[in-house]
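The values are calculated or read from the model by the stated rules, or taken from the named source; none is laboratory data. Every value quoted in this text rests on a predicted model; they were computed, and no experiment measured them. Note: ideal-geometry Cβ built from the backbone for every residue, glycine included; neighbour counts use all protein chains shown.
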């Protein structure tokens with residue numbers, strides 16, 4: 001019987017010590033999950049009509065680029081491997097329809113053509 005009590009007492013002491021160590025402020029367990037850096041793509045927006053021109057928006061964010069009629073602009077730092085929504089707002093504030101493109105890295109891969117407003 002004494003041997004059983006000794007083991008029980010040892011387990012209790014170990015449990016208390018473990019509780020103190022894991023709840024102390026200086027003890028931390030850090031799990032590190034390796035991640036890959038976010039891949040960015042470029043996107044070319046092309047106007048194919050006189051009526052298509054204006055400020056380019058990607059995923060609802062203004063890109064800082066203005067597209068002229070029958071012109072093209074390249075937008076950098078667009079997320080890769082996603083469906084990206086592209087639309088244009090003319091100088092009077094009217095938005096165009098939205099075009100969607102699935103982006104992937106590679107030259108000539110990500111081109112959006114606007115044939116109509």
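Just one of the listed residues (70, 50) is at pLDDT 95 or above and not in a strand (DSSP E or B), and it is 70.
Only residues that are more than 19 Å from the chain's Cα centre (by Cα) and surrounded by 13 or more Cβ atoms within 10 Å (Cβ to Cβ): list them for segment 57-68, please. Within segment 57-68, 65, 66, 67 qualify. Taking the criterion of being on the phi > 0 side of the Ramachandran plot and part of a loop (DSSP other than H, G, I, E, B), the residues of segment 73-95 that qualify are 81, 93. The residue of segment 76-90 that is nearest to residue 101 (Cα to Cα), among those that are at pLDDT below 95 and crowded, with 16+ Cβ neighbours inside 10 Å, is 84. Restricting segment 96-109 to residues that are closer than 19 Å to residue 55 by Cβ and part of a loop (DSSP other than H, G, I, E, B), the residue that is nearest to the chain's Cα centre (by Cα) is 98.
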